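**Q** Can you keep this structure in mind? I'll have questions shortly.
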Amino acid sequence: MRLEDTPLRWQQKTLLAILAAGFAFSSSALAQSAQYSRTKPAASKPAAKDAASPKATDRSSDKLDISDLEQKYWAPKDTDFSVVQNRAYTKEKKIAVSALYGPVVNETFSSGQNLGIIGNYYFTERHGVQLTYINSMLGRSKATESFMGQSGGDVLPDYNTPTSYLGVNYNWVPVYAKMSLLGKKIIYFDMQISPGLGLANFEQKYEVDPTGGIDERTQSASAMAFSLDVTQYFFFSPKFALRADLHNRWYNQELLVYNSNPNKNIAKSELNNTTTFMIGVTFFFSPRSQK
């Protein structure tokens, strides 16, 4: 047997083969890790160069400066925002003429309808003046008829009947808004409050001869009145609107004793409140400019 074929020689060959295989595997692994390794980023350039580059300039120009908007948002007063929404229909520098019709709602002894003619001129969207004329067409109410029935038909209560009113009002328009009608149509409207002064005309009732049944006579009288009206416009076009008014008037009136001479006896003086509700139409137009 030769020396190279001894068991010791075979063990050495086996060990060398294992070492060679391990070296080959480690070399292959190092090569693959180097292939997929991440490259080190290059050193960034100085900030001055980046600011001077066109790309940096473009990026800075894309930023939105909202400092002014933030200051207005946190402003302590809402007066910094003067416009809430654009008005679809305007009244400024326009004349409005309205025709209205409706009942008296709070007269105890009289009932009936009222016809009103109203003219407005608006200096701005929020302020204007108004001229009002209301003609009342009233008669006895159910309460008056019931009183006559209980008294045997020969006695009437002491009362006056409003006949007309002429007054001047200041218009203040605090509300302008819009609403959806059944989700299909937008209706624009505004509300105005109108304090004013005027002359209330009424008829005083009296009886000439109470012994011969009812012989009712009337005489005209008038009194200074304070008014407070509430108006609602519903706009349908720049020149046309539906108008609803609630007119309130307060004045001192003298009530005559019904069965006495009106030149001698006065029953009492009392504060009267007349309220009418009327609906009508309004037409807007601009006056011709004077050259």
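**Q** Could you tell me how many of the residues in segment 249-265 are modelled with pLDDT under 70 and either exposed (fewer than 15 other Cβ atoms within 10 Å of the Cβ) or among the aliphatic types (A, V, I, L, M) (or both)?
**A** First, pick out the residues of segment 249-265 that are modelled with pLDDT under 70: 258-265.
The next check asks that each one be either exposed (fewer than 15 other Cβ atoms within 10 Å of the Cβ) or among the aliphatic types (A, V, I, L, M) (or both); those that pass are 261, 263-265.
Final tally of qualifying residues: 4.
**Q** What residue, among those in segment 113-141 that are small (G, A, S) and closer than 12 Å to A99 by Cβ, is surrounded by the most Cβ atoms within 10 Å (Cβ to Cβ)?
**A** Step by step, filter segment 113-141, then rank; the result is G116.
The values are calculated or read from the model by the stated rules, or taken from the named source; none is laboratory data. Predicted model, so just to flag it, every value in this text is computed and none were measured. Backbone-built Cβ (ideal geometry, glycine too); neighbour counts: all protein chains shown.
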